[in-house]
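K.L.:
This is the structure I want to talk about, given as structure tokens.
The values are calculated or read from the model by the stated rules, or taken from the named source; none is laboratory data. Source: prediction; values computed, not measured. Every residue, glycine as well, gets a Cβ built from its backbone with ideal geometry; the counts of neighbours run over all protein chains shown. Just the protein is used for accessible areas: all its heavy atoms, side chains included, with ligands, DNA and RNA removed. Shrake-Rupley method; radii C 1.70, N 1.55, O 1.52, S 1.80 Å.
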Amino acid sequence: MSISADRPEAPSTPDEPAPSAGAPQPSGRRFRPVRLLTAGVFAFAGLIFWTSFNTAQGTDLRSDASMLKLSDLIMERSKKNGRLEDEAATVRGEVDSLAQRDDDRSAAEDRELEGLERAAGTRRLSGQGLTVTLTDAPPDATALIPGVPEPEPNFLVIHQQDLQAVVNALWLGGAEGIQIMDQRLISTSAVRCVGNTLILQGRVYSPPYRVTAVGDQEKLRKALNESPAIQNYLRYVDAYGLGWKVERRDAVTLPGYSGGTELDYAKPRD
């Protein structure tokens, strides 16, 4: 057997046995870190897949269960707020009764206090008025008149601006007091809608929405008819079937506001 003169075999040492004929020999290629990085990426991906499988355990990770739980929590908190408001109203009535029995105010002072309570919306109010009802269109609604585009989801639901337009028009028409659903509005009340629900003073409501005002019926109706924002809303009523109903109320009673009146951020002006 001849041995190549240009590449002699490496000599073996006494402490290291010579490699066998079938053992792989060093190739002389350098180690590349990118191979280790690639292996790490695949290992990490496998870990993610295993964690996802272990967490799901056969359940649908995209289910609406979490949203349903959140919705239930919101409704439960809304009911709790309502119960607390009722309890606060009862206690406030007892305190007012004791204060009236033990105070030494004059008749003129009592009349002034009553006027202030009426203006603040904390006293019950009765009289004639109107009730406006706004309702979502059917979810499968189509265009009802030619020439209008096919409805988008936003076209078919009551928005915050719609409720606010009704409230603004009724105040402009001289309303003495306004109630949305079962709550009296005061100067700090805010009409806010999140999605398809109304959040009013810590309570959550779903359509149809009812807005009731005490005042001159003709002036209130005239203000509604002349409101540009309501005229725009009525175009959607004709085009897609949103609900709009105005009812005369010859005798209606609005409850006094019974919630909290504390302001968290506003301060008296110096």
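K.L.:
Filter the range 199-220 down to the residues that are touching a residue at least 40 places away in the same chain (Cβ under 8 Å) and not in a loop (DSSP other than H, G, I, E, B) and list them by number.
P.N.:
Result: Arg203, Val204, Tyr209, Arg210, Val211, Thr212, Ala213, Val214, Gln217, Lys219, Leu220.
K.L.:
Quick one: Pro228 ticks every box in (1) touching a residue at least 24 places away in the same chain (Cβ under 8 Å); (2) more than 20 Å from the chain's Cα centre (by Cα); (3) open to solvent by 40 Å² or more (accessible area, probe 1.4 Å) except a single one, so which number is it?
P.N.:
Among (1) touching a residue at least 24 places away in the same chain (Cβ under 8 Å); (2) more than 20 Å from the chain's Cα centre (by Cα); (3) open to solvent by 40 Å² or more (accessible area, probe 1.4 Å), Pro228 violates only (1).
K.L.:
Give the residue, chosen from Ala137, Ala143, Ala165, Ala169, that is over 17 Å from Tyr209 (Cβ atoms), of a type in the set (Gly, Ala, Ser) and either in a helix (DSSP H, G or I) or open to solvent by less than 60 Å² (accessible area, probe 1.4 Å) (or both).
P.N.:
Answer to the check: Ala143.
K.L.:
Another one. Take the conditions buried (at least 17 other Cβ atoms within 10 Å of the Cβ), basic (Lys, Arg) and modelled with pLDDT of 95 or more and apply them to Arg249. Does it pass?
P.N.:
No: the conditions fail for Arg249.
K.L.:
Tell me yes or no: at least one residue of the range 252-268 is part of a helix (DSSP H, G or I) and open to solvent by less than 60 Å² (accessible area, probe 1.4 Å).
P.N.:
Within the range 252-268 (the criterion being part of a helix (DSSP H, G or I) and open to solvent by less than 60 Å² (accessible area, probe 1.4 Å)), the answer is no, since none of the residues qualifies.
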